[in-house]
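Enquirer: Handing you a structure now.
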Amino acid sequence: MESRAIRKPVEEGLSRVDGRLKVTGAAKYSAEYNVKGLTYGVMVGSTITRGNIKSIDTKQAEHAPGVFTVITYLNCPNIPGYHIENAPPKGPLKIFIDDKIYFNGQPIALIIADTYERALFAASLVKADYNKEEHQTNLKKNLDAGVLPKNTKDYLRGQEDAYKSAPIKIEQEYILPTEVHNPMELHAIIARWDADDKVTVWDKTQGVKSTQRNIALAFKLPPDNVQVTAPFVGGAFGAALRTWPHEIAAVVAAQVVKRPVKLVLSRADMFTSVGYRPHTWQKVGLGATTDGKLVGITHEASGQTSVYEDFTEGVVNISQLMYASPNVNTRYKLVSLNVNTPTPMRGPGEATGAYALESAMDELSYQLNIDPIELRLRNYAETDPLSGKPYSSKFLKEAYQLGADRIGWNERNQKPGSVTKDGWLVGYGMGAGMFGAYRSNATVTARMMADGTLFLQTAVTDIGPGTGTAMATIGSEVMGIPAGKVRVNLGDSSLPPSPTQGGSQITSTVGAAVYDACMELKDKFKQLNGGADSADYVQLLNKNNLPQLEVTTLSKGGPEMGNYAAYSWSVHFIQVHVNPATGVVKVNKAVSVADAGHIVSPKTAASQIKGGSIMGIGMALMEEAVIDHRYGRLVNNNFADYHMPVQADIPQVEALFVNKPDPHLNPMGAKGMGEIATIGVAAAVANAVYNATGKRIRELPITPDKLI
Ligand code: MOS
């Protein structure tokens, strides 16, 4: 593909097109639709961790004021597309099909009442007796039970465990606890049956088309009879990629009560109903020559999953890809526990893997007494080490330089604990990240109205990165009209199909579709104008007595992408202050640099990178879902006890971009940035803490108790 990159300085850029709606409360989220005749659902969760329900007494709850029904496995209508043969232990959790309990908090009943408060009260009246069986929730105790996931093999390039015979080597274990997405907006769905074979849902989802498909499958409906609406999503980070059991439960409940049902998960439900980043053990061995050339990398990982589904992610992949090492071997195992199934969380796999690899690289740099950036430059991959293919683009060296300059890397001392300020230890750390740069298919309608307004329409949801803003930017630039003249319609399954918002591919995919649609629309105007270019669309429409002119365009990835290895790259720099007496770590400055190709929407891109950096800081210093293994139950399933960064924890975060177009991926030259924003950050923080204190913490989060 010839590069047709749109060039624009980063410091310019459109403000978020939906910003005003969001800050004034005019943006409606799925729980906020005032649907006539609404009823309210509250779920009841299992209080045991493994076994089955001996008896469940719902009488009192059924007779509580305002209650319409209490749904359990005893009375739940048959869900015709539920393939029970694929139910746990063989497949995804299915709601209310039998008495089996696989994890603590698993839904056992759903109350539907005329108000939320009455449903909540009735939920407290449900009594269940269980046959308890012995459960396993402890990853560390069950590492020996790890097995290779189905259809996967160990990876080997060159010689196995070559690091062991290298002159300089390190071998360390790194542990990441379970992290929960915890977007501000709770998962919520309103389901309304419009006819026996027609249903509308307002749903928190990252993909209206996939939710439409999944509800259609479960209830054996034609997909067009399922309307899914999600114009705004209050953060998701992967937690709304799947269609979860509670969504099916709301749809079936609406069938039972013959009225619309609203089901909003509680914050506690969010810890057991919509996935999480799994607790993962890792071991990395690195071997190098005395001048810092990698001889071998060995990376093993074991992540937790449920007993009924294999959740796999690319934890060890980054060690196959990041550096030009001739010898690499990796192994990835899963440990099945009595927990709900994990799900992708921002930078799935790579964020976990980069924590280990980039910590290990830092450890190696101290062994070698080489600057950590210099060590990475000596092992810089000029072509993809996995496939041997050239990169579609890679400007990671430029990113190292930009970030080092901005953080003041030259003030760093390689000797740990040697810099202090006002009684605090000062440390600098860095860590790099990478993630596949993708593009798939999307269809966009571009419609120019006689008043000069351009409508851009596609089904994709904007979960926060600024998809609508990027689309408006591309539309206005291609058509040569002010951005204020562009209206974007998103998050509706009746609009032209788009992929699920995920995998950092939406600007590349949907942006390309906007580009292609607008180019086609311009062509149509050209024909209207007798073959001559004109940007006076209003005049052309009026002259031809047309109310509007529109095109609907399907845009697909270029076939030549197969010749390239395409990745986005990032590097994160962190300066910490550590209190030597209390062990408190303060991130004083964070600089994240992305090679994400041409930056289409500079303002929202910067927000995206800053948000990802903050998420990585949380991963490094705070976040940990804790299970009391005696009961198999989470003890901190709330915002008071599950710590996340707040404004006061995040003093200064800067986002920088190399901003050079990728010549192959799409006409804008853009690559993804949602995942790379987080990948590598946790290692950068841990490395900064080591540089400040000389203490290497290999189990996250780095809480003060671990430093004193
Ligand atoms: Mo993202 S983990 O692809 O929602």
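The values are calculated or read from the model by the stated rules, or taken from the named source; none is laboratory data. Computed from a prediction, not measured in an experiment: that's the story for all the values here. A quick note on method: Cβ atoms are made from the backbone with ideal geometry, for glycine too, and the neighbour counts reach across all protein chains shown. What goes into the accessible areas is simple: the full protein's heavy atoms, side chains included, and nothing from ligands, DNA or RNA. Shrake-Rupley method; radii C 1.70, N 1.55, O 1.52, S 1.80 Å.
Enquirer: Mind ranking Phe639, Phe96, Phe395 by accessible surface for me, highest first, 1.4 Å probe? Kindly include the intermediate steps, with their values, before the conclusion.
Expert: Details: Phe639 95, Phe96 20, Phe395 45 Å².
So, going from the largest accessible area down, we get Phe639, Phe395, Phe96.
Enquirer: Could you check the spin-label model distance between Asp98 and Asp628? Points 7 Å from the Cα along Cα→Cβ, value in nm.
Expert: So the label points at Asp98 and Asp628 sit 3.0 nm apart.
Enquirer: Looking at segment 213-260, which trypsin sites (Lys or Arg not before Pro) are in a loop (DSSP not H, G, I, E or B) and have at most 15 other Cβ atoms within 10 Å? Display every interim value, and only then the final one.
Expert: On the way: sites: Arg213, Lys220, Arg242, Lys258; in loops: Lys220, Arg242, Lys258.
Of the trypsin sites (Lys or Arg not before Pro), the ones in loops of segment 213-260 whose Cβ has at most 15 other Cβ atoms within 10 Å are Lys220, Lys258.
Enquirer: Another question, if that's okay. What is the dipole size for the chain, taken about its Cα centre, with +1 at each Lys and Arg Cβ and -1 at each Asp and Glu Cβ, in debye to the nearest 20? Mind showing how you got there, number by number?
Expert: Working: 71 positive and 69 negative charges, 64 e Å.
That gives the chain a dipole magnitude of about 300 debye.
Enquirer: Another one. Relative contact order of the chain: what whole-number percent is it, with Cα pairs under 8 angstrom and at least 6 residues apart?
Expert: Numbers: 1868 pairs, mean separation 124.9, N = 708.
Value for the chain: 18 percent.
Enquirer: Provide the descending list of Cα extents for segment 234-359 along its principal axes, expressed in whole angstroms.
Expert: 72, 29, 21
Enquirer: Looking at Phe103, Tyr130, Thr178, which one has the Cα that reaches farthest to the positive end of the dipole of segment 95-196 (charges on Cβ: Lys, Arg +1; Asp, Glu -1)?
Expert: Of the listed residues, the answer is Thr178.
Enquirer: In debye, nearest 20: dipole of segment 13-72 around its Cα centre with unit charges on the Cβ of K, R (+) and D, E (-)?
Expert: Values: 8 positive and 4 negative charges, 45 e Å.
Roughly 220 debye, rounded to the nearest 20.
Enquirer: Given a Förster radius of 35 Å and the C-beta distance between Lys141 and Asn86 as r, what FRET efficiency does 1/(1 + (r/R0)^6) yield to the nearest 0.05? Each step should come with its number before you reach the end.
Expert: Working: r = 30 Å, r/R0 = 0.85.
FRET efficiency, Lys141 to Asn86: 0.75.
Enquirer: Between Tyr33 and Lys586, what length in nm is gained on full extension when 0.36 nm per residue of separation is reduced by their alpha carbon distance?
Expert: On the way: separation 553, 0.36 × 553 = 199.08 nm, distance 4.12 nm.
Answer, rounded to one decimal: 195.0 nm.
Enquirer: Which listed residue (Ala253, Gln282, Pro326) has the Cα farthest towards the positive end of the charge dipole for segment 252-381, taking +1 on Lys and Arg C-beta and -1 on Asp and Glu C-beta about the Cα centre?
Expert: After comparing all options, I get Ala253.
Enquirer: Here's another thing I want to ask about it. On the Cα set of segment 352-449, report Rg and Dmax in Å, please.
Expert: Considering segment 352-449 through its Cα atoms, Rg and Dmax are 19.2, 65 Å.
Enquirer: Semi-axes of segment 197-270's equivalent ellipsoid from the Cα gyration tensor, sqrt of 5 times each eigenvalue, largest first, rounded to whole Å?
Expert: Numbers: eigenvalues 74, 47, 22 Å².
Rounded to whole Å, the semi-axes are 19, 15, 10.
Enquirer: Once you charge only the Cβ atoms, +1 for Lys and Arg and -1 for Asp and Glu, what is the size of the charge dipole of segment 621-685 about its Cα centre, to the nearest 20 debye? Don't jump to the answer; show the numbers that get you there.
Expert: Working: 4 positive and 8 negative charges, 38 e Å.
With only Lys, Arg, Asp and Glu charged at Cβ, the dipole is about 180 debye.
Enquirer: Turning to a different aspect of this structure: Carbon and sulfur: what percent of segment 232-329's accessible surface (1.4 Å probe)?
Expert: Working: 1210 of 2280 Å².
That share works out to 53 percent.
Enquirer: Shifting gears a bit: Hey, can you find the accessible area per residue of segment 579-692 for me, probe 1.4 Å, expressed in square angstrom?
Expert: Details: 3550 Å² over 114 residues.
Heavy-atom SASA per residue in segment 579-692 reads 31 Å².
Enquirer: Projecting each Cα onto the charge dipole of the chain (Lys/Arg +1, Asp/Glu -1 at the beta carbon, about the Cα centre), which of Gly511, Leu263, Ala240 comes out farthest on the positive side?
Expert: Of the listed residues, the answer is Leu263.
Enquirer: What is the distance, in nm, between label points placed 7 Å from the Cα along the Cα-to-Cβ direction at Glu382 and at Tyr116?
Expert: Here the answer is 6.0 nm between the modelled labels.
Enquirer: So, one more: List the lysines whose Cα sits under 21 Å from the Cα of Lys140, skipping any in the same chain fewer than 8 residues away.
Expert: Lys283, Lys333, Lys706
Enquirer: So, in nm, how far is label Ala268 from label Val635 when the simple model puts each one 7 Å beyond its Cα toward the Cβ?
Expert: Simple spin-label model gives 1.6 nm for this pair.
Enquirer: Over segment 431-537, what portion of Cα pair distances is larger than 18 Å, expressed as a whole percent?
Expert: Numbers: 2712 of 5671 pairs.
Within segment 431-537, distances greater than 18 Å cover 48 percent of Cα pairs.
Enquirer: Quick check on the chain: what are the equivalent-ellipsoid semi-axes from the Cα gyration tensor, as sqrt(5λ), descending, whole Å?
Expert: Working through the eigenvalues yields semi-axes of 40, 37, 22 Å.
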